[in-house]
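Shown next, in structure tokens, is the structure this report addresses.
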Amino acid sequence: MSDAQATVIVDWARRLDAAGIEYWLFGGWAVDYHAGRVTRLHEDVDFVIWTRDHEAVIEMLRAADFAPLRPPLAFIRSGVEFEITLIERAQDGAIVTPGFEDWPWDAGTFGDEVRALNGYPVRVVSVAGLLAVKTGWEAHFGEPPRPQDLADAQLLQQLQVSD
């Protein structure tokens, strides 16, 4: 487990909660939080936020000495990459990521589900939402899934069955 990444997850969950900004842990770390254990090394920390909160979160990241890595959605501090995925409501009420309106998020992806890893609770993207991304990537982007995405999908399927 990257202690630096784990610290960033907990720290930013607390900061976003304190600021009243809705967030969801996403990506491989969200899979680990659902599994209740660290399953692999991670390249970055991913959070999902509403587009309306983007500027406020950028200001918070800058104030915490995170530098732009791939603006406007990726930042870095002390070797820890922090990536943001934005969501908003489409006219039909679906939740989408700007630029990917043809791939709406599954209903229930962004709820109030909180999971803990090593005693630290964080709001997470649902298992079904994570699984939809892990299994739908190739169809939407034409890129084969990475080995870690295949492993994550298999674990998420097991978690979905056990719920």
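How many residues, within the stretch 1-50, are of a type outside the set (A, V, I, L, M), surrounded by fewer than 21 Cβ atoms within 10 Å (Cβ to Cβ) and over 19 Å from residue 149 (Cβ atoms)?
10
Working only within the stretch 51-62, note down all residues that are crowded, with 18+ Cβ neighbours inside 10 Å and without any contact (Cβ under 8 Å) to a residue 40 or more places away in the chain.
Hits for the stretch 51-62 are 53, 61.
For residue 145, which of the numbered conditions (1) touching a residue at least 24 places away in the same chain (Cβ under 8 Å); (2) closer than 15 Å to residue 27 by Cα; (3) part of a loop (DSSP other than H, G, I, E, B) fails to hold?
The failed condition is (1).
State all residues of the stretch 100-136 that are among the hydroxyl-bearing types (Ser, Thr, Tyr) and closer than 19 Å to residue 15 by Cβ; if no residue qualifies, say none.
Within the stretch 100-136, 120 is the sole residue that qualifies.
Hey, among 69, 86, which residue is assigned to a strand (DSSP E or B) and over 20 Å from residue 5 (Cα atoms)?
86
Working carefully through the options 46, 17, find the one that is at pLDDT 95 or above and touching a strand residue (DSSP E or B) at 6+ places or on another chain (Cβ under 7 Å).
On inspection, the qualifying residue turns out to be 46.
Taking the stretch 90-128 on its own, how many of its residues are in a loop (DSSP other than H, G, I, E, B), at negative phi and either more than 14 Å from the chain's Cα centre (by Cα) or of a type outside the set (A, V, I, L, M) (or both)?
The number of residues fulfilling the criteria is 20.
Just checking, which of 116, 67 is surrounded by fewer than 18 Cβ atoms within 10 Å (Cβ to Cβ) and within 17 Å of residue 28 (Cα to Cα)?
Just one listed residue meets the conditions, 116.
The values are calculated or read from the model by the stated rules, or taken from the named source; none is laboratory data. Just so you know, these numbers come straight off a predicted model, no measurement behind them. All Cβ positions, even for glycine, are placed from backbone atoms using ideal geometry, and neighbour counts span all protein chains on display.
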